[in-house]
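One structure is given here, and the rest of the page talks about it.
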Amino acid sequence: MNLLLLEREDLLAEDFAVLDAARYPVRGDLWPPQPGRRLRVGMSDGLVGEAIVERVAQGGVYLRFVCHADPPPPLPLMLVLALPRPKMLRRVLRSIAELGIKRLCLVNAARVEKSYWQSPLLQAAALRRYLVAGLEQACDTVLPEVSLHPRLRPFVEDELPAMSKGCERLLAHPAATEPGRAARGRKVALAVGPEGGFTDFELTLFGSAGFSAFTLGPRILRVETALPALAATLFPAQ
């Protein structure tokens, strides 16, 4: 953890916070802090700054802080991702927060197991927990927005065109012939399928919505491996 993310409910005053040990049980090598220790902190969806530990009492840590700097800029990428299995989704959520992706649409696909949609990980509190872990790693404060779309066709036909307006629409697919290239300052809406890939019908569906397929090469990558590679390909300077 490189940053401690503060929530509004932690505040006792504009520059003073108390962290309940029940909410912050383990924070890596920064936790539990000792009086006088300085910590990098950030206000949720706000600025980044520094805090000093004033007091450690039973059940809480009292911080005096000031936030004055902007968080890292977001990646101009909206990700449409076929729902991974829960074990992988935990890692993916952390990764997208670390990469600066601020919009994630989790969608169904023919090769997505139906049981994945019943996972407790899709509850708002669980999603937030893993996203916050990614933000704290990257010293970011702005929580990604996550939406769930268990019916792919209505989403692609009725919602996605408006959501991706003004974006270059791309789809990552190993069998595509067009190689990946830098987005060159453009916003991108990127669709990524399950490990088995989108079916031909699904590729046609995205194609009808204006998505062009490209490839990173012939290797079939796990989602957690593909996402950083895709981000680096599309936004090499970021």
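Would you check if VAL66 is farther than 26 Å from GLY196 by Cα and either among the β-branched types (Val, Ile, Thr) or crowded, with 19+ Cβ neighbours inside 10 Å (or both)? Spelling it out, VAL66 is indeed farther than 26 Å from GLY196 by Cα and either among the β-branched types (Val, Ile, Thr) or crowded, with 19+ Cβ neighbours inside 10 Å (or both). None of LEU131, LEU135, LEU104 is within 25 Å of ALA237 (Cβ to Cβ), touching a helix residue (DSSP H, G or I) at 6+ places or on another chain (Cβ under 8 Å) and not in a helix (DSSP H, G or I) except LEU104. Please work out which residue is nearest to the chain's Cα centre (by Cα), limiting yourself to region 103-128 and to residues that are open to solvent by 50 Å² or more (accessible area, probe 1.4 Å) and polar (S, T, N, Q). Out of the qualifying residues, it is GLN123.
Six or more apart or on different chains, Cβ atoms under 9 Å: show the pairs whose first residue is in region 117-134 and touching a residue at least 24 places away in the same chain (Cβ under 8 Å) and whose second is aromatic (Phe, Trp, Tyr). From region 117-134, the pairs are LEU121/TYR130; LEU122/TYR116.
Within region 82-94, the presence of at least one residue that is over 18 Å from LEU3 (Cα atoms) and in a strand (DSSP E or B) is confirmed. Taking each residue of region 1-19 that is without any contact (Cβ under 8 Å) to a residue 24 or more places away in the chain and looking for partners that are in a helix (DSSP H, G or I) with beta-carbon atoms closer than 9 Å, six or more apart or interchain, yields nothing. Only one of the numbered conditions (1) open to solvent by less than 30 Å² (accessible area, probe 1.4 Å); (2) among the β-branched types (Val, Ile, Thr); (3) modelled with pLDDT of 95 or more; (4) part of a strand (DSSP E or B) is violated by VAL61, and that is (3). Confirm whether ALA176 is at pLDDT 95 or above, outside any strand (DSSP E or B) and open to solvent by less than 50 Å² (accessible area, probe 1.4 Å). When the stated conditions are applied, ALA176 does not pass them.
Only one entry of LEU143, LEU135 meets the criterion of being surrounded by 12 or more Cβ atoms within 10 Å (Cβ to Cβ), over 23 Å from ARG222 (Cα atoms), in contact with an Asp or Glu (Cβ under 9 Å, 6 or more places away or on another chain) and at pLDDT 95 or above, and that entry is LEU143. Is it true that some residue in region 193-209 is in a loop (DSSP other than H, G, I, E, B), within 19 Å of the chain's Cα centre (by Cα) and buried (at least 19 other Cβ atoms within 10 Å of the Cβ)? Yes; the residues of region 193-209 include at least one that is in a loop (DSSP other than H, G, I, E, B), within 19 Å of the chain's Cα centre (by Cα) and buried (at least 19 other Cβ atoms within 10 Å of the Cβ).
Checking each residue in region 14-44 for being over 14 Å from VAL56 (Cβ atoms), modelled with pLDDT of 90 or more and either among the hydrophobic types (A, V, I, L, M, F, W, C) or open to solvent by less than 50 Å² (accessible area, probe 1.4 Å) (or both) picks out PHE16, VAL41, GLY42, MET43, SER44.
The values are calculated or read from the model by the stated rules, or taken from the named source; none is laboratory data. These figures come from a predicted structure and were not determined experimentally. Positions of Cβ are backbone-derived with ideal geometry, glycine not excepted, and every protein chain shown enters the neighbour counts. When the accessible area is computed, the model is the full protein with side chains, heavy atoms only, and any ligands, DNA or RNA have been set aside. Shrake-Rupley method; radii C 1.70, N 1.55, O 1.52, S 1.80 Å.
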